[in-house]
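Report on the structure given below.
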Amino acid sequence: MKSKLIILTDLWGLADSSWLDQYKVLLEPHFELKIYDSCKLAGIESTALNEKQIHAHFINYGIKTAVENLVKLEKAPVHILAFSIGGTIAWKAGLNGLNIINLYALSSTRLRYETEKPDCKIHLLFGEKDTFSPKEEWIASLNLELEIIKDGAHEVYKNEKISIQVSEQIKRSIL
């Protein structure tokens, strides 16, 4: 029986997610995948909104709504791969009762505001050039480790080379 791996999209949900196919191809043979559109989990109709508007909706109510929905939807222990805002949703869901075994959060810059961490194995990856990556003080305060991807910007996770690297890490740590 395959382990369940949940994938949480970035701010754009599934609307602009062709890059996500790279992860699906690499991970689907090894895991039972369940992909959640972060916008849909959050109750955000994003099709007519720009990035700033979508971001504001997530901050105002969307993260909280997405966390509540994810906790209701997933009752069994899960592994999670999450991108950007999806990582924040997963992290907060873990603090609110979701049983996470492994959390892989890529470019989840809003985590820098968190003061406690979920009880699971945490794998954080950020691009070296991501302006909003957490500072060393935050990393130390929560006793975390993170991987910095050289020359990577915020959407470094969309790079095919990174999808291969991350997928291999996930397979090694879970299988």
Practice item. Determine if the range 147-157 includes at least one residue that is touching a residue at least 60 places away in the same chain (Cβ under 8 Å), touching a Phe, Trp or Tyr at 6+ places or on another chain (Cβ under 8 Å), surrounded by 17 or more Cβ atoms within 10 Å (Cβ to Cβ) and of a type outside the set (D, E). Key: yes
Point to revise | Residue list for the range 22-50, filter: surrounded by 21 or more Cβ atoms within 10 Å (Cβ to Cβ) and free of Cβ contacts under 8 Å to residues at least 60 places away in the same chain | key: Y36, S38, C39, L41, A42, I44, S46
Review point. Would it be correct to say that A93 is in contact (Cβ under 8 Å) with a residue 24 or more places away in the chain and either touching a Ser or Thr at 6+ places or on another chain (Cβ under 9 Å) or basic (K, R) (or both)?
Key: no
Exercise for review: Please determine, by comparing only the residues of the range 130-141 that are among the hydrophobic types (A, V, I, L, M, F, W, C) and surrounded by fewer than 14 Cβ atoms within 10 Å (Cβ to Cβ), which one is nearest to Y157 (Cα to Cα).
Suggested key: F132
**Study point:** First in the range 51-62 and buried (at least 20 other Cβ atoms within 10 Å of the Cβ) and part of a helix (DSSP H, G or I), second anywhere and among the charged types (D, E, K, R) and modelled with pLDDT of 95 or more, Cβ under 9 Å, 6 or more apart
**Key:** F58/R110
Check your understanding: Out of all the residues in the range 114-141, which are aliphatic (A, V, I, L, M), over 13 Å from N102 (Cα atoms) and either in contact with a Lys or Arg (Cβ under 7 Å, 6 or more places away or on another chain) or free of Cβ contacts under 8 Å to residues at least 40 places away in the same chain (or both)?
Key -> I139, A140
Practice item. Mind listing whichever residues of the range 91-129 are out of contact with any Asp or Glu (no Cβ under 8 Å at 6 or more places or on another chain), in a loop (DSSP other than H, G, I, E, B) and surrounded by 20 or more Cβ atoms within 10 Å (Cβ to Cβ)? Key: S108, P118
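The values are calculated or read from the model by the stated rules, or taken from the named source; none is laboratory data. Quick caveat: nothing in here was measured; it's all calculated off a predicted structure. Don't worry about glycine lacking a Cβ; one is built from the backbone with ideal geometry, like all the others, and counts go over all protein chains shown.
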